[in-house]
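Taking it in order: structure first as structure tokens, then the write-up.
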Amino acid sequence: MGLIDRIFTTIFGGGRNVIVETAEVFRENSEKGAARDAALREQALQQYAAEFAVARVGRFDRLMDGLNRLPRPLLAFGTIGLFVVAMVDPVWFSTRMQGISLVPDPLWWLMGAIVSFYFGARHQAHTQEFQRSIAQTLARVPTVVENTRALEALRATTPQIADTAPSAATTQAAVTPQDNPALQDWTAARR
């Protein structure tokens, strides 16, 4: 019995388990991993709790909290507002959109990077596309100028657009009876 007892004591004795220790070299101990994950979550929650533990009672703190909540609603309502303006005054909207089409892509990339940074996303621009977009933007300038002139000509304040003001000659022409052969045939058929 002494020999077998020594072998088992060597392998499993003294609070050790050589088989478990060897297996943990190749595979994580699930129980210890879960304990580490729980400790990590607890520390993260403590960090978040510490961030909000400070009482924000000053006017500046309330102002900053309010300003931090503005960008998302402003972007959403601004986009909805563009749709409304497009329906209410299409000429005004189209003129502004023609101007926006002249904004070079690098400036859009910068705007996108700023907005992406604010919302936590990453934005990356490519150098070759940068040069190509500048050339495309410059090529669109004559078309945009022509479109803007055509849109401005559609305004009601532009000369040669129908005048809707009351006119004595127009009113007189509208109430003066004229010959209507179809009406005369219908009247004759009814008699």
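Here are the numbers for the structure shown:
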{"item": "Residue within the range 67-87 that is more than 16 Å from the chain's Cα centre (by Cα), exposed (fewer than 10 other Cβ atoms within 10 Å of the Cβ), of a type in the set (A, V, I, L, M) and modelled with pLDDT of 90 or more present", "result": "yes"}
{"item": "Residue in the range 98-108 that is outside any helix (DSSP H, G or I), surrounded by 12 or more Cβ atoms within 10 Å (Cβ to Cβ) and not small (Gly, Ala, Ser) present", "result": "yes"}
{"item": "ALA113, sole failed condition from (1) at pLDDT 85 or above; (2) among the aliphatic types (A, V, I, L, M); (3) surrounded by 12 or more Cβ atoms within 10 Å (Cβ to Cβ); (4) out of contact with any helix residue (DSSP H, G or I) (no Cβ under 9 Å at 6 or more places or on another chain)", "result": "(1)"}
{"item": "Among the candidates ALA44, ALA49, residue that is at pLDDT 75 or above, of a type outside the set (Val, Ile, Thr) and surrounded by 10 or more Cβ atoms within 10 Å (Cβ to Cβ)", "result": "ALA44"}
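The values are calculated or read from the model by the stated rules, or taken from the named source; none is laboratory data. On a predicted model such as this, the values are computed, not experimentally measured, just so you know. Here the Cβ is made from the backbone with ideal geometry for all residues, glycine too, and neighbour counts use every protein chain on show.
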